[in-house]
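Reviewing the structure listed below.
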Amino acid sequence: MTTRRIIAIAVSVLCAIALSPVAARADNPIVQTIYTADPAPIVHNGRVYLYTGHDEDGSTYFTMREWRVYSSADMVNWTDHGSPMNLATFSWASADAWAGHVAYRNGRFYYYVPVKNRSTGRMAIGVGVSDSPTGPFRDAIGRPLVENGEIDPNVFIDDDGQAYLYWGNPNLWYVRLNADMTSFSGGPTQIPLTTAGFGARSGNASRPTLYEEGPWVYKRNGTYYNVFAAECCSEFIGYSTAPGPTGPWTYRGTVMPRQGGSFTNHAGVIDFNGGSYFFYHNGALPGGGGYTRSVAVERFTYNANGTIPTINMTTTGAPQVGTLNPYVRQEAETIAWSSGIETEVSTEGGLNVGWIENGDHIKVKGAAFGAGATSFTARVASAAAGGRIELRLDGVNGTVVGTCTVPATGGWQTWTTVTCPVSGATGTHDLYLRFAGGSGTLFNVNWWQFAGSTGGGGNLLTNGDAEGGTTGWGVFGSGTLTSQTGTVHGGSRSIGITGRTASWNGPSQNVTAQLSNGRSYTTSVWVRAQSGTPSAKVTLALTANGTTSYVQLTPAATLSTSGWTQLTGTASVSWSGTLTGATVYVETAAGTDSLFVDDASMQ
Ligand code: FUB
C-alpha cells in the first residue's frame, strides 16, 4: 500500500467521522499526491510557478532526490509539471536535493540548489538553467557555483540589475552574481549575524542569533526584507529589514510562529495579481512530519508601515483569484485537492493522473460554467477494465451533472477520448471528478474539457485543438499554415505557421457570426516559438461601419522554443453600428518567428 493510498483512506475516514460538508474541504497543503518541502515561488507571465523539494515517502531523514514544479493562475488550482531537475542533473552531486530557488533573467530560468559534492562530501551550491519555467534544467556550469558546506541558496536581482546570491546555515553569506547568473565577482562575503540584525538566541553559544537557514530576500517600497527560518528546532519564521541588499539588517520579529508538525519551516514570499502571498511547509498531510513535509500558502496584507503581520497556518489557504474555465482543456493534474490519486509522466506530453481507484477524486475549485455545460470530454487510458468519471458539484457526494464511462483501452498509456452529456452545470461551482469502478487500479486521465450550448460557454473557435488539421484556421496577413504532428500541446496535432512577413501575421479564425455585442470573452491559446523568444498575444480585429479596431484579448507573454506558453485573458468586446468582420489572431510584438498554436478557445 502506498503512502498516497494511506492518505486517501485516512482522509475519507476523517471525513466520515467529522460528517462535515466536503465542499468545505481544505485546500492547504497545496499538493496531496506527494510530500513537498522548501517552497520557492516566482511569478512569470501571469502565473505563479512553485518550485519545491520532494520528501520521499516514509523518510526518516531529509531523503530528497529531485525537485518538483507546480503552477497556478488562481492560487488554488495547481498544475503539476513533474520534476524539472534531479540529483542526476549534477554529475558531481551525490545526495541531498535540498532547498533551491529559481531566478529569471534574459529569457532563461536559473535554478540554484544545495547538493552534496561527491568528491568533497560537503554541501555546495549548483545552478541549473532552462528556457522554460517547467524545465528540464541542465547543469549550467558542470561544477559547483560556490562551495563552503552551507545550504539554502536564494537569489535577488536589484533594480540596478545587480544579482545577489544569498545562502547559509549556520552563517549567512552573499556573493554578487555576474549578469550571466552563473559566475560571480568578488568572493563570498559573510553578513554579520548580530543580535540587532537577527535577534538574540539564548542557550546556544555557537548560534547567538535567531538566524538558522533559508534566507528569502526581496525589496518592497525601497526596503529590503530577509525572511528566514529561525532558531531550530522547531523553527519559526522571522524577518529582518535593511536599507540595502547587504544590510545593515534590523531584526523585525516573527512572521509565522512555530506550528504545523514539522521541526523545519521554510519561507517564500511573492506578490501576485494585487495580493501578497506567504508560502511555507508543515507536516499536515497524513503521515506527515519533519521529514515528510507539505507546502502550503496564505494570503496576507502588509501593515501600513511595511511590517509583516503574524501569519498562521490554515487548512483553507489562499482565496481563489478569478475562476477556472472548464471550457478550455484542463490538465487532469490541475488540482485544488485530491484523494487517492498520483501523477506520472504521460506519453502524450506533460503528466497524467494515475493510480485511480474506486472512490478517489479530484477537486478543481471555482469552475465557471456560466449559462450551462452540455457535454464533458476526457482523454483516458486503461490497461484494466476502465470505470466511470462522475461529475459532481460542490462536494465529492454532491449533485451528479454527468457520468462518463471509461473503456478498457489495452494500456495505461493507450489513450482514447470519451464524451458524455452534462446537464445542470450552470454558474460557478467546485467541480469534483469522482472516480468509480471495480477493484484495483481503474484508468488514467490526461485532460478534460466541457462544452456548452451557444452563449453557454461553448468554444467560438472551430477545431481549436487542431486535431482536425488546419480546418477552420486561416492566416492574418502572410504565412503558411500546416498541420503539425511532431510538436503538440495536447492530442496529436497542432497548427504551425511559417513564412510570416510582419509581426502582426499569425494563425487566425473568423468569428464574425459568433460574437455578441457588449459581451466579455475569455480566450486561451497555447503557443510555442519555432525560433527565437518572441513576445506573443492574441488580438481581435473588429470591422464595423467601415472602421477596424483592435481588441487585445490576452496580455503578451514571452514564448520559447522548448515549451508551450498559455496566452489567456478576458476582454469585453463591443462595437458601434454593423459588424462586418471579426478575426481572432495570434501575433508577436516584433519579428517574424515561426510559431506553433494549439488548444485555442474563446468563449
Ligand atoms: O529540505 C532540506 C532542508 O530542510 C532545507 O534545505 C532547509 O531549509 C530545511 O527546510
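The numbers here are math on the coordinates, done by the rules we state, and not lab data. In this text the structure is predicted, and so the values were computed from the model without any measurement. Note that each Cβ is placed from the backbone with ideal geometry, even for glycine, and that neighbours are counted across all protein chains shown.
Tabulated results
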{"read-out": "Bins of 10 Å from zero: percent of alpha-carbon pairs in segment 250-321", "value": "19, 50, 27, 5, 0"}
{"read-out": "Calculated Rg and Dmax of the chain using C-alpha coordinates, Å", "value": "24.8, 80"}
{"read-out": "Kirkwood Rh in Å, taken over all unlike Cα pairs in segment 88-162", "value": "12.6"}
{"read-out": "Helix-only CD estimate at 222 nm, as mean residue ellipticity for the chain, using -39500 (n - 2.57) per DSSP H run (n ≥ 4)", "value": "-1000 deg cm²/dmol"}
{"read-out": "Volume per residue of the C-alpha convex hull in segment 293-343, rounded to whole Å³", "value": "137"}
{"read-out": "Length-normalised contact order for segment 474-602 - Cα pairs under 8 Å, 6+ apart - percent", "value": "36"}
{"read-out": "Prolate/oblate/rounded label for segment 288-375 (Cα gyration tensor, a/c 1.5)", "value": "oblate"}
{"read-out": "Whole-number percent relative contact order across segment 403-468, with pairs defined as alpha carbons under 8 Å at least 6 apart", "value": "23"}
{"read-out": "Karplus (6.51, -1.76, 1.60) ³J(HN,Hα), θ = phi - 60°, over segment 227-233, in Hz, Gly and Pro reported as x", "value": "9, 9, 7, 10, 6, 4, 9"}
{"read-out": "Charge dipole (debye, nearest 20) of the chain; +1 at Cβ of Lys and Arg, -1 at Cβ of Asp and Glu", "value": "300"}
{"read-out": "Cα shape, segment 34-159, gyration tensor, a/c 1.5 rule", "value": "oblate"}
{"read-out": "Spatially proximal aspartates and glutamates relative to LYS365 (Cα-Cα < 19 Å; intrachain offsets below 8 disregarded)", "value": "ASP27, ASP74, ASP80, GLU298, GLU331, GLU333, GLU342, GLU390, ASP394, ASP430"}
{"read-out": "Long-range Cα-Cα pairs in segment 330-452 (distance over 23 Å), rounded percent", "value": "21"}
{"read-out": "Positive-end extreme of charge dipole, the chain - chosen from LEU460, SER382, PHE443 (charges on Cβ)", "value": "LEU460"}
{"read-out": "Neighbourhood net charge (11 Å Cβ-Cβ; Lys/Arg +1, Asp/Glu -1) for SER59", "value": "-1"}
{"read-out": "Whole-number D in µm² s⁻¹ for segment 474-602, Kirkwood Cα-pair radius fed into Stokes-Einstein, 4 °C, 1.567 mPa s", "value": "88"}
{"read-out": "Packing-based order for 364-376, 69-81, using average beta carbon neighbours within 10 Å, highest first", "value": "69-81, 364-376"}
{"read-out": "Rounded to 10°, Cα long-axis angle of helix 3-18 versus longest principal axis of the chain", "value": "80"}
{"read-out": "Hydrodynamic radius by Kirkwood, which averages 1/r over all alpha carbon pairs of segment 499-540, in angstrom", "value": "12.9"}
{"read-out": "Largest-first principal axis extents of the Cα set of segment 3-300 (Å)", "value": "60, 42, 41"}
{"read-out": "Percent RCO, i.e. relative contact order, over the chain, from Cα pairs under 8 Å lying at least 6 residues apart", "value": "11"}
{"read-out": "Phi-based couplings in Hz for segment 426-435 (Karplus 6.51, -1.76, 1.60; Gly and Pro marked x)", "value": "10, x, 10, 9, 6, 9, 10, 8, 9, 9"}
